[in-house]
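The block underneath contains the structure these notes are about, expressed in structure tokens.
The values are calculated or read from the model by the stated rules, or taken from the named source; none is laboratory data. The shown structure was predicted, so the numbers you read here are calculated from the model rather than taken from an experiment. We place every Cβ from the backbone using ideal geometry, glycine too, and count neighbours over all the protein chains shown. Only protein heavy atoms, including side chains, enter the accessible area calculation; ligands, DNA and RNA are left aside. Shrake-Rupley method; radii C 1.70, N 1.55, O 1.52, S 1.80 Å.
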Amino acid sequence: MKVFLATACLGVLSCGAALAQDGVTSWGNSGDWDIMVDPEVGYGCFMQKSFDDGTVVQVGAVPDRQGGFFAALNAAWTEITDGQEGVLTFDFGDAKFAGDALGVIRNGIPGGYAFFDNPKFVDEFGKRNAVKVTGKSGQSIEVNLKGSQKAIAAVRACQDEQPKQEP
């Protein structure tokens, strides 16, 4: 089964806000995941975790676009350039998702950002133990999703506390 994520970011400015650290505040923790709030995207809450290989993964809400995002950054990914367009695939085993992604550089660290408006993606992210994420170059990372279901519940609780956005 292959389900596509919605079109990713259309420009660097719309993506950069979700990854910007200016103004981002801590809401709390859920296991190894930090729960943060980014007022630049309509007070979107997101979960963030740093892994032993230096990869930082973020998943959360983008209320001003009525969707969510997945981002992964790692200083070793030097081949990624800011604004570079590509495709990410997410393999959860029996469920697969794919979507457009945009290269970003945050605080000198390269990575990829994908916007989505498919709630099934978050459901899979929460109920699985791992996901294999592959970029257009064929390189992939395996993301351990331990504790992600509780972290997603915390992101939703965080989001419920935020100012509501006008459609």
Selection over region 29-72 where residues are assigned to a strand (DSSP E or B) and touching a Pro at 6+ places or on another chain (Cβ under 7 Å) yields a count of 1
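Being surrounded by fewer than 21 Cβ atoms within 10 Å (Cβ to Cβ) and under 25 Å from Ala151 (Cα atoms) narrows it down to one of Phe92, Phe121, so name that one.
Numbers: Phe121 fails: surrounded by fewer than 21 Cβ atoms within 10 Å (Cβ to Cβ).
Criteria check complete, one pass: Phe92.
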Cβ pairs under 8 Å, 6+ apart or interchain, first in region 80-109 and more than 16 Å from Val133 (Cβ to Cβ), second open to solvent by 50 Å² or more (accessible area, probe 1.4 Å) and assigned to a strand (DSSP E or B), ordered by first then second residue, are Thr81/Ile105; Asp82/Ile105; Glu85/Asp100
Note on Tyr113: of the conditions (1) in contact with a strand residue (DSSP E or B) (Cβ under 6 Å, 6 or more places away or on another chain); (2) open to solvent by 20 Å² or more (accessible area, probe 1.4 Å), unmet is (2)
Checked region 73-89 for anything surrounded by fewer than 19 Cβ atoms within 10 Å (Cβ to Cβ), of a type in the set (A, V, I, L, M) and part of a loop (DSSP other than H, G, I, E, B); matches are Ala75, Ala76
